[in-house]
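What follows is a short report on a single structure.
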Amino acid sequence: MKQRVFIPQGSISKHAYTVLAVLTFAFVFFAWFFLTNAGIVDPSFMPTPQHTVDSAVQLFETHDFIKDIGISTYRVLAGFLISAVVALPLGLLIGTYAPIDALIEPLMSFVRYLPATAFIPLFILWIGIDESEKIALIIMGSLPQLLLMVAVDVRKVPHDLVEVSYTLGTKPSHVLWKVILPASMPHILDSLRMVLGWAWTYVVVAEMVGASAGIGYMMIQSQRMLNVGNIFVGLLAIGLLGLFFDCVFKLMNKVFFRWSE
């Protein structure tokens, strides 16, 4: 069994994968439960699971936390979708055509090293502190990364596949849409899944400046009141939302690109 499992790029059954994943979450939960209830960790730094649940109930009942979740989700998806609409075609062109690669990739490689959070003062000056500023910050953090990742995914398409398409009579102008795009889409969907996770980190930062609602806003307000329980609720909410979207992308990959497994 070990020889079949513990090998580079080996595989395990779906049941074993699920069991191991559940065990990991269970271990983290019980470690949290033990450290806080045994008094090893000061409750002012880490609340107990029971206190976190109480804080969650209070947030949903008296502070309309569901509205904060909806606003943050809207901001993330708006910035992410705009980034995807721009990055997908440009990334395809960069990964396919050398002249476009030379024109765009060096600039994007430069931009992706600029910390998105450093643009907050500029965006406030240029755009203001409304929804556009927060969405712009998410785009700034997501677009350059996604564009370059899509280009890399396109370059993963075997050159032999392109040569075979020529042999079968495919015109050079059709290779991008009929060969390269379909072959690279499973990898591109994985890149979209990764970048959506990064977008959630930027929305929290964006909501800490000039916001009146959202998960990040709730967390910074709770920090000022030393309410660690609410902060943990915000962290868990973001983690669960991210896990949900992660599962959606994995399901889409299995449904639409079953042939790639």
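The values are calculated or read from the model by the stated rules, or taken from the named source; none is laboratory data. Worth saying up front: this structure is predicted, and the values here are computed from it rather than measured. Cβ atoms come from the backbone with ideal geometry, glycine included; neighbour counts cover every protein chain shown.
Observations on the structure shown:
- Meets criteria (assigned to a helix (DSSP H, G or I) and within 24 Å of Gln145 (Cα to Cα)) for Leu236: no
- Residue in the range 200-209 that is of a type in the set (A, V, I, L, M) and either at pLDDT 90 or above or outside the structural domain of Glu133 (by TED's automatic domain parsing) (or both) present: no
- Some residue of the range 33-51 being assigned by TED's automatic domain parsing to the domain that holds Ser142 and closer than 30 Å to Asp130 by Cα: no
- Assessment of the range 64-84 against the conditions (surrounded by fewer than 14 Cβ atoms within 10 Å (Cβ to Cβ), modelled with pLDDT under 90 and out of contact with any His (no Cβ under 6 Å at 6 or more places or on another chain)) yields at least one matching residue.
- First in the range 125-138 and outside the structural domain of Val204 (by TED's automatic domain parsing), second anywhere and assigned to a helix (DSSP H, G or I) and of a type in the set (Phe, Trp, Tyr), Cβ under 7 Å, 6 or more apart: none
- Taking the numbered list (1) surrounded by 11 or more Cβ atoms within 10 Å (Cβ to Cβ); (2) part of a loop (DSSP other than H, G, I, E, B) in turn, Ser44 passes all entries but (1).
- Residue check, Lys178 in a helix (DSSP H, G or I), among the charged types (D, E, K, R), assigned by TED's automatic domain parsing to the domain that holds Ile69 and touching a Ser or Thr at 6+ places or on another chain (Cβ under 8 Å): yes
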